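Comments concern the structure below.
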Amino acid sequence: MMKKIYIVLIAFAITFSGCKKYFDVNTDPATPQDPQSKTLTPPLFAQMERGVQFDSRYLGGLVQYFGGNVNVGETHGWLVGSDAMGEIWRTNYYGLGANLNLIISDSESKQEWNYVGMAQALKAWGWQITTDYHGDIILKQAYEPNRFTFDYDSQSDVYEEVVRLTNESIKNFGRTDGSGTPAKMVGFDLAYNGDAAKWIKFNYGLLARNANNLINKSTYDPAKVIEYVDKSLASNADNFIVPNAGTTAVNGNFFGPLRSNLAAYRQTRLIVGLLDGTYFTGTPGTVIDPRRNNMITVSADGVFRGTNPGSGDPGTVAAKNQIPNVWGILGGANPGPGQGKYLFKDDAGFPIMTYAEMQFIKAEAAFRSGNPTLAFTAYQNGISASIDFVSALGTVITTADKTAYMTSASVRQTPETLTLRDIMLQKYLALYGYGFVETWCDLRKYNYNVGDAKGNNPYLNAYFFPPSFFSDNGGKPAQRYRPRYNSEYLWNTEALKKIGADKIDYHTVKMWFTEP
């Protein structure tokens, strides 16, 4: 009997030994299961860009950056059976979420505080843009294991978490102990190449956005907003840009011709009117913005045109009055690789945050605090930075042309003549093509064409309402997009009911950040 047992044990040992390499796939050095932070980092930036650009195909119509045969104007906030309008959600929870948690865990164990700080900054960005886009979202239970349904948290809780994460990130980037150095991030940090000082500035930019959205709250503190901006991006050299190689459809800009996602998207009347002076002087063509030729395209008959809210392109080939698409092409045909213009070129990087945006935030806060001189300086800085940014993406804008515009009737020349409308419309123009969610935050906190709680109305008569609303809107403008359909309306319906997201007009319910 003992002999039989001995033989069996030897056979088992031989079998196990022979199969060991087969079963040890999880230790294959070619497919590591415990990746280093640096290997997880580069794809994160692509996810940030992808989330915003995917959803901009809908939001871009709502805020009137895009027009034509697209979802111009209001939509009902969902498409049954589709994840359309849910890419920012996917980016936050799937593209970034667990990867950032892995980076934090791995980097804390190695005391690589720069990677911890980077992950915290990107988490803060993800929470901020997701709540500004959707409202109440899943925060506290988001990454609990073995959970299949998730409760939603209030937008106020998410705003607080953004502040906590950014402050933690700032602390970690300021640490001098541990093993993390900027050199370790070179080649993996696609935004700032390991420059801790720039990451700190980005964090302060997030804090500025967070605080400046709260203008209707009694706790709104313009002095704190200004403080954050002064610690944020100091020039266009600090801009957070996601790079795109643009040589193939795989590494090309989502907005570029190679990816062929925007063939039917047209420039709008609002953008045309801002660039020809209409909304600044009251008379079309009074002042031609030097950014115009780089940002939009003239029709075949030599006239600049844009779509109206809720309408497509009424032009014809015979009349030569067709409205070009955002690539600068008539008729919507794909112009092929290497074409396009402005942020709609194959190799154009995508801005996540710019110095111009920060300056307009400062101008708004200073104006609201009763400091027109400071507001005026920031306002002019914002316009100047935007012109330089646009110049670098197309035909160079000469110093003479820039000076002519800066001293024109479209730009206020003294603090006493500056209005909130001047600030917000120039900010709207500067963020064209990338600041979709930030622009929507501005429109909603000022209630589109209605104005804020104190009667400030910077968007009056600027055509931010469509001629009619979608039937589900009940005559009200859109305030949010619903949570991602395929991950929430299929599996998490009870939680949705608790926040009213099962209601047909949920997308018109005002956000916490816009309310007093």
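Data for the structure
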| quantity | calculated |
| --- | --- |
| Per-region count, the range 440-461, residues under 25 Å from Gln53 (Cβ atoms) and either of a type in the set (D, E, K, R) or touching a helix residue (DSSP H, G or I) at 6+ places or on another chain (Cβ under 6 Å) (or both) | 4 |
| Matching residues in the range 154-171 - criterion: being open to solvent by less than 20 Å² (accessible area, probe 1.4 Å) and of a type outside the set (S, T, N, Q) | Val158, Tyr159, Val162, Leu165 |
| Residues (in contact (Cβ under 8 Å) with a residue 40 or more places away in the chain, among the basic types (Lys, Arg) and outside any helix (DSSP H, G or I)) located in the range 495-516 | Lys510 |
| Options Asn251, Asn203; residue that is of a type in the set (S, T, N, Q) and crowded, with 22+ Cβ neighbours inside 10 Å | Asn203 |
| Test: Asn261 is within 18 Å of Leu393 (Cα to Cα) and not β-branched (Val, Ile, Thr) | no |
| Residue within the range 184-194 that is in contact with a strand residue (DSSP E or B) (Cβ under 8 Å, 6 or more places away or on another chain), in contact (Cβ under 8 Å) with a residue 60 or more places away in the chain and charged (D, E, K, R) present | no |
| Flag for Gly340 being without any contact (Cβ under 8 Å) to a residue 60 or more places away in the chain, within 27 Å of Phe66 (Cα to Cα) and of a type outside the set (D, E, K, R) | no |
| Helices (runs of 4 or more DSSP H) fully within the range 351-423 counting 2 or more residues that are in contact with a Gly (Cβ under 9 Å, 6 or more places away or on another chain) and under 23 Å from Tyr446 (Cβ atoms) | 355-368 |
| From the options Asp301, Asp289, Asp276, residue that is open to solvent by 40 Å² or more (accessible area, probe 1.4 Å) and among the acidic types (Asp, Glu) | Asp301 |
| Among (1) in contact (Cβ under 8 Å) with a residue 24 or more places away in the chain; (2) more than 30 Å from Ile241 (Cα to Cα); (3) of a type in the set (A, V, I, L, M) - the single one Leu420 does not satisfy | (2) |
| Failed criterion for His507 (all others in (1) modelled with pLDDT under 90; (2) of a type outside the set (Gly, Ala, Ser); (3) surrounded by 13 or more Cβ atoms within 10 Å (Cβ to Cβ) hold) | (1) |
| Test: residue in the range 449-471 that is at pLDDT below 95 and in a helix (DSSP H, G or I) | yes |
| Odd one out for Ser156 among (1) under 23 Å from Gln47 (Cα atoms); (2) within 22 Å of the chain's Cα centre (by Cα) | (1) |
| Hits in the range 156-192 - residues which are small (Gly, Ala, Ser), over 29 Å from Lys140 (Cβ atoms) and not in a helix (DSSP H, G or I) | Ser179, Gly187 |
| Pick from the range 476-494, criterion touching a Ser or Thr at 6+ places or on another chain (Cβ under 9 Å) and assigned to a loop (DSSP other than H, G, I, E, B), ranking: most open to solvent (accessible area, probe 1.4 Å) | Trp491 |
| Matching residues in the range 405-419 - criterion: being surrounded by 15 or more Cβ atoms within 10 Å (Cβ to Cβ) and of a type in the set (Gly, Ala, Ser) | Ser408, Ser410 |
| Inter-residue pairs, beta-carbon under 6 Å, first touching a residue at least 40 places away in the same chain (Cβ under 8 Å) and in the range 132-153, second among the β-branched types (Val, Ile, Thr) and surrounded by 19 or more Cβ atoms within 10 Å (Cβ to Cβ), 6+ apart | Asp132/Val437; Tyr133/Ile88; Tyr133/Val437; Ile137/Thr130; Ile137/Thr131; Phe150/Ile138; Tyr152/Ile138 |
| Boolean, Asp106 is more than 19 Å from Asn253 (Cβ to Cβ), at pLDDT 95 or above and among the charged types (D, E, K, R) | no |
| Residues of the range 348-404 classified as surrounded by 20 or more Cβ atoms within 10 Å (Cβ to Cβ), closer than 24 Å to Gly256 by Cα and polar (S, T, N, Q), total | 2 |
| Some residue of the range 379-390 being aromatic (Phe, Trp, Tyr) and under 21 Å from Gly273 (Cα atoms) | yes |
| Of all residues in the range 111-124 being within 22 Å of the chain's Cα centre (by Cα) and open to solvent by 10 Å² or more (accessible area, probe 1.4 Å), the one that is nearest to Trp199 (Cα to Cα) | Gln120 |
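Conditions tested, residue by residue: (1) surrounded by fewer than 22 Cβ atoms within 10 Å (Cβ to Cβ); (2) within 17 Å of the chain's Cα centre (by Cα); (3) over 30 Å from Gly312 (Cβ atoms).
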site: Phe173; (1), (2), (3): no, no, yes
site: Glu227; (1), (2), (3): yes, no, yes
site: Pro257; (1), (2), (3): no, no, no
site: Asn261; (1), (2), (3): yes, no, no
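The values are calculated or read from the model by the stated rules, or taken from the named source; none is laboratory data. Everything numeric in this text was worked out from a predicted model, so none of it was measured. All Cβ positions, glycine included, derive from the backbone under ideal geometry; neighbour counts span all protein chains shown. Keep in mind that these areas ignore ligands, DNA and RNA; they rest on the heavy atoms of the full protein, side chains included. Shrake-Rupley method; radii C 1.70, N 1.55, O 1.52, S 1.80 Å.
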